[in-house]
1. Test of understanding: what is the full-extension gain from Arg348 to Gln264, defined as 0.36 nm times their sequence separation minus their Cα-Cα distance?
2. Can you pull the Rg over Rh of segment 1-153, Cα-only, Kirkwood?
3. How long are the semi-axes of the equivalent ellipsoid of segment 198-353, taking √(5λ) for every eigenvalue λ of the Cα gyration tensor, in whole Å from largest down?
4. How high is the relative contact order of the chain, given as a whole-number percent (alpha carbon pairs under 8 Å, six or more residues apart)?
5. Report the full-extension gain for the segment Lys175 to Asn336: residue separation times 0.36 nm, less the Cα-Cα distance, to one decimal in nm.
6. Using a 10 Å cut-off on Cβ atoms, rank the peptides 259-269, 333-343 from the highest mean neighbour count down.
7. When only alpha-carbon atoms are used, what values of Rg and Dmax, in angstrom, describe segment 250-336?
8. At a threshold of 8 angstrom on Cα-Cα distance, excluding pairs fewer than six apart, so keeping six or more, what relative contact order does segment 113-249 reach in percent?
Amino acid sequence: MKIIIIPGDGIGPETMAVTTQVLESASAKFNLGLVLEQEIAGHSSLEKYGSTVTSILLEKVKAANGLMLGPMATYDFKDESKGEINPSKFFRKELDLFANIRPSRTYPKVPTCVKPFDLAVVRENTEGFYADRNIESGGSEMLITPDVVISLRRITRQCCERIAKAAFELAMTRKKHITIVHKANVLKIGDGMFIEICKAIGQNYPQVQIDDFIVDAMMAHVVRAPERFDTIVTTNMFGDILSDLTAELSGSLGLGGSLNAGEQYAMGQAAHGSAPDIAGKDIANPFSLVLSAAMLLNWHGQKTTQVQFTDASKAIEKCVGLLIDSGEVTRDIGGNLGTKAVGDSFVRHFSKG
Ligand code: ATP
């Protein structure tokens, strides 16, 4: 399995260094034969090639079996004509990575303000309120007058169907409970269609219990009782926001793993951003990216029916749990280790276990 590794901006290089260590250990232990190829995107690529991403990089990613994308300083990238393309959007769109799966769970030793829970947000990734992926050419945000902006939201039947199907398939491997999150009371046509399609797809999965919540009420419900939820399916922006909330509820945004998957390609990417406030300080929690890498191995194992990849994925998750139980973690989840030291601890435990 060849994986393209892009460290990214902010806390990306330090958390990706740990993730690379973890992947190398998993490769050795489970005989995965991983080939990890380092590439650049974001600020470093903008400096070197005049663009945050290049078509050569895209071809390399397409020729590989997976991509690990570090967090990107997306807020800095404003003008595509100057090469400032949002790499995250670029790969999601170019590789048609329509399903963004973001699991969140609590760990007994990580303090939280909620009861134990284990859920997954399934977020549509290629349309919705994201102006940068809605139109073939040009943006879907318009400055009508200096004081008036219109931002378009695109919802299509095809994208609703495929995200609903991905969510029900995931629910079948979990507790068989789907919650549809929407704003159909206001976005009557778009979210009306989203609910209708999710429920129609649900008819093919009679074992799965279905309910739905309006997104604003959902925020209260998920804070009050996250343990009520199992698999949550929603449109792009709601899923983006909701999954940061569920990751933080589990103890830290630094715990949120995330996989962007399509029919052909997949990309592991931390749920959090580049966190410039803590970049370069050796305090970022690497687990979000490490768990995303585990999800990528699992995806490849399922796709190619190679059990050693799914076994390696489970072993990485287990070792993260073990480090959390033993307190060998960064300070955001109650430990006192630096990012690099967490990587070293991981390797020590993983090779022993
Ligand atoms: P961006 O503009 O790239 O989205 P951001 O700082 O606005 O970056 P996040 O990176 O998602 O957004 O981070 C929000 C806050 O959560 C950060 O300020 C940081 O304190 C905390 N945080 C995020 N990721 C981690 C992590 N891996 N470890 C510890 N804390 C984190």
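Quick note: the coordinates plus some simple rules give every number you see, no bench work behind them. These numbers come from a predicted model, not from an experiment. Because the Cβ atoms are built from the backbone with ideal geometry, glycine has one as well, and the counts that use them run over all protein chains shown.
1. Extending this stretch completely gives an extra 26.8 nm.
2. Answer for segment 1-153: 1.03.
3. Equivalent ellipsoid of segment 198-353: 29, 22, 14 Å, largest first.
4. Here the relative contact order equals 22 percent.
5. Between Lys175 and Asn336, full extension yields 54.5 nm more.
6. 259-269, 333-343
7. Final numbers for Rg and Dmax: 14.0, 41 Å.
8. Computed value for segment 113-249: 38 percent relative contact order.
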